[in-house]
1. Can you tell me which residue in the stretch 142-189 is modelled with the lowest pLDDT, limited to those that are assigned to a loop (DSSP other than H, G, I, E, B), among the hydroxyl-bearing types (S, T, Y) and buried (at least 21 other Cβ atoms within 10 Å of the Cβ)?
2. What is the residue count in the stretch 6-17 for residues that are surrounded by fewer than 19 Cβ atoms within 10 Å (Cβ to Cβ) and in contact (Cβ under 8 Å) with a residue 24 or more places away in the chain?
3. Can you tell me which residue in the stretch 22-44 is surrounded by the fewest Cβ atoms within 10 Å (Cβ to Cβ), limited to those that are within 28 Å of the chain's Cα centre (by Cα) and small (G, A, S)?
4. From the residues in the stretch 117-141 that are among the acidic types (D, E) and not in a strand (DSSP E or B), which one is modelled with the lowest pLDDT?
5. State all residues of the stretch 173-226 that are on the phi > 0 side of the Ramachandran plot and not small (G, A, S); if no residue qualifies, say none.
6. Is there any pair linking a residue in the stretch 268-289 that is on the phi > 0 side of the Ramachandran plot and surrounded by 22 or more Cβ atoms within 10 Å (Cβ to Cβ) to one that is of a type in the set (D, E, K, R) and assigned to a helix (DSSP H, G or I), with Cβ under 6 Å and at least six apart or on different chains, and which?
7. Among the residues of the stretch 291-305, is any over 30 Å from A436 (Cβ atoms) and either assigned to a helix (DSSP H, G or I) or touching a residue at least 24 places away in the same chain (Cβ under 8 Å) (or both)?
8. Of all the residues that make up the stretch 94-125, how many are small (G, A, S) and either surrounded by 12 or more Cβ atoms within 10 Å (Cβ to Cβ) or in contact (Cβ under 8 Å) with a residue 40 or more places away in the chain (or both)?
Amino acid sequence: MVGAPRSAAAGTVAALAGRMAGLPGQSPGFAERAVRLAERAAAQRYHVAVLGEFKRGKSTLVNALIGRPLLPAGVVPVTTVATEVHFGEARPGALVVFQDGKRQQVAPEEIARYVSERENPANRLGVRRVEVRVDAPLGAPGVVLVDTPGVASVSERQTMSAREALADSDGAVVVLSVDAPLSESEGVLLADLADRGGRVFVVVNKCDHLTEVEAEEVRAFLVPHIARLLGEGASVHFLSARRALEGVTGGRTVQGTGDPGFDAFRRDLEAFLRDDLAAERDRANAAELDRLASTLSDAVAIERAAAAMDLAVLQDRLEQFGAAADDVRRAFAEDRLVLDHDVAQIGEAVAAALTSGSAEAVRRAWPRVEESVAGLRGRALDRALDEAVATAVTDAFDPLRQAVATAADEGWEQAAARFAERLRRHVQALRTAANALFEVHLGEATLPTVAEQRERFSYLFIQVESPGASLARTLRTVSRTERARRRMLTRARRHLADELDKHAGRARFDVVQRLDTVSRRFVSAMAEELEQTEASIAMAATSARHALDQTESVQAEREAERSFALGVAAEAEQFVHAARTTLPR
C-alpha cells in the first residue's frame, strides 16, 4: 500500500484543540473555533480539485487513479455534479448529499444516476455533491479527489460547481487535451491558480491520439506556455487516461498501467500528497492553534487581573469596556459602508470599461471584417460575414474580458486589504482598552491575513458564444446588388456591436454578483474576528466578577481552572514553536 502514517502533528493539534474546546469559562466563539480546528485536524482531509473544460477526460483520469471505471464518462459532456472520491476508506460506498440537506446511501455503481447529465439533466434531482469512498490508496490517508463539471461549461450552474470545488481545494489537477491544447479559458484558469498559490499539476490527456512526432510538437508548444503561467517548476504530464484505465482493468496494477506518462503522473501526485500537502495543512493548523493559545492566555490574564479588583471598581471597568466596544462596533459598521462603496466603485469601473471597451472593439474589429469579405456577394457574403463576426467577437472580447477581470481582482484585493487593516486597528483598540482598564499587558493583535480568509474575487469562466442567426437570412432574399451588400454590412456591424454588448452585459452581471458574494463572506469572517476578541475579553472579566460573589473555595477552584488553562496554552505554544522549526518549508 502506498502512503504514509497519519500526521503526528495533526494528531497533537486535534488533541490540544479538543482540550481547549472543553475548558470552562471561555467564550462560545473560542470554543467553536477550537472545535472546528480539532475536527479539521482529526479528519486530515486533503482536497484536490480535478479541473478543466468539459470533455477533457477528467472522469476517466480519476477512474484510472481509482483503478476501475466507477465515475461515468462518455463522448458528450457527462458530469453535472461535483463528485468527491475519498481514498483509503475501510468501507467502500457512496453518499448522495442533496441541496436540502438530505443524505442517501447508494451503491457506488448507482452514482451515474445522480452525477451524469444524461440521467440527472440540469440537476433536476437537486444534488449538491456525491461522496464516493474507495479502498484504493493514494499518497496519504485522507486524500479526496473532486471530479468537477467542466469549466467554461454551457451551464453556469456547472461552472459554479467547479468554482466552489476550486475554492475549497488544497491542490489542483488541471486536465488539458492534445486535441485542443490550452484554450483562452484554460490559460485564465492556470493564471488564477498561480495567483492563489499551492501546487498545480497539469495533465495533457489523450496523447494516444497523436504520433510521437505530433506529441513532441504539442509538448514544444505547451510546456513554455504553462511555465510562463505557473513557473519553471510546473508539473506537466503527457498521458492517455483511457489507455491507463484499460491497463488497470486488463490486469495491470495502478502503479504500472502500461502508460508511462500516467504512471509518472501518479508517482508525482502521490509524492506531493504524502510529503508536501500534509505539511502545508499542518502549518495552517499550527497557526490557528497558536492564535487560540494566545487568546486563551490573554483571557486568563484579564480574568486574574479582574479578580484582584474591588467589585465596584471591576463593575465600573466592565461598563467602560462595554462603552469602548460599542464605539468599535460603530466604527466597524462605518467601515462596512466604506467597503460597500469600494465594491460599488469596482462594479461601476467594470461597467464603464466594458461599455467603452466594447465600442472600441467594434471600431477596431470592423475594418478587418470588411477586408475579409471584400468582393463577395450573395450567399458567399452571408457565410463569410457569419464567420468574420464570430471571429471578431471572440478576438475582441477575450482580451477585454481578461483585462477587466484583472482590474476587478486587483481592485477587490486592495479594498479587502484596506478593510482588514481597519479591522486590525479596531481589534487592537479593544486590546488597548483592556490593557488600561484591567491593568494587563496584551500584545499586538494577530489576525489571519487576507489570503488566509480563502475569499478571493475570482473571475474565470464566462464563455464567448458564437453569434446567433445568420445575418443575411433575416432578409427575405439574398440579393447580389451593391445596395443589398451595403445593407448586409450595416446589419453585420450592428450584429457585431449587439453581440459584444450582450457579452459585456453578462460579464458585468457576473462580476457584480461575485463581488457581492465574496465581500459578504469576507465581512462575515472579519466581523467574527472582532466579535470573538470582544467576547473573549468581556467574558473573562465577567467570569472574574461572578467569582467574586462566590465562596473562597469556589474562587480557589476557578483559579485552579485558570492555571490548567494556562498550562494547555503553554503546551500549545511550545508545540507550535517546535513545529515551526521542524515542518518542511
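1. Step one: of the stretch 142-189, the residues assigned to a loop (DSSP other than H, G, I, E, B) are 142, 148-150, 152-155, 168-170, 178-183.
Imposing the further condition that a residue be among the hydroxyl-bearing types (S, T, Y) reduces the set to 148, 153, 155, 169, 183.
Add one more test, that the residue is buried (at least 21 other Cβ atoms within 10 Å of the Cβ), and what stays is 148, 153, 169.
Values: T148: 82, S153: 48, S169: 70.
It comes out as S153.
2. First pass over the stretch 6-17, keeping only residues surrounded by fewer than 19 Cβ atoms within 10 Å (Cβ to Cβ): 6, 8, 11, 15.
Those still in the list that are in contact (Cβ under 8 Å) with a residue 24 or more places away in the chain too: 6, 11.
Total meeting the criteria: 2.
3. By that ranking, first place goes to A43.
4. From the stretch 117-141, those among the acidic types (D, E) are 117, 119, 131, 135; that's our starting set.
Within this subset, residues satisfying the condition of being not in a strand (DSSP E or B) are 117, 119, 135.
On the way: E117: 78, E119: 83, D135: 83.
For the stretch 117-141, the residue satisfying everything is E117.
5. First pass over the stretch 173-226, keeping only residues on the phi > 0 side of the Ramachandran plot: 182, 197-198, 206.
Of everything in the stretch 173-226, those that are on the phi > 0 side of the Ramachandran plot and not small (G, A, S) turn out to be L182, K206.
6. That search, which allows pairs on different chains as well, returns nothing.
7. Here is the first cut: in the stretch 291-305, the residues over 30 Å from A436 (Cβ atoms) are none.
For the stretch 291-305, residues over 30 Å from A436 (Cβ atoms) and either assigned to a helix (DSSP H, G or I) or touching a residue at least 24 places away in the same chain (Cβ under 8 Å) (or both): absent.
8. Of the stretch 94-125, the ones small (G, A, S) are 94, 101, 107, 112, 116, 122.
Checking which are either surrounded by 12 or more Cβ atoms within 10 Å (Cβ to Cβ) or in contact (Cβ under 8 Å) with a residue 40 or more places away in the chain (or both) leaves us with 94, 112, 116, 122.
Count: 4.
The values are calculated or read from the model by the stated rules, or taken from the named source; none is laboratory data. Keep in mind it's a predicted model, so treat the numbers as computed, not measured. Don't worry about glycine lacking a Cβ; one is built from the backbone with ideal geometry, like all the others, and counts go over all protein chains shown.
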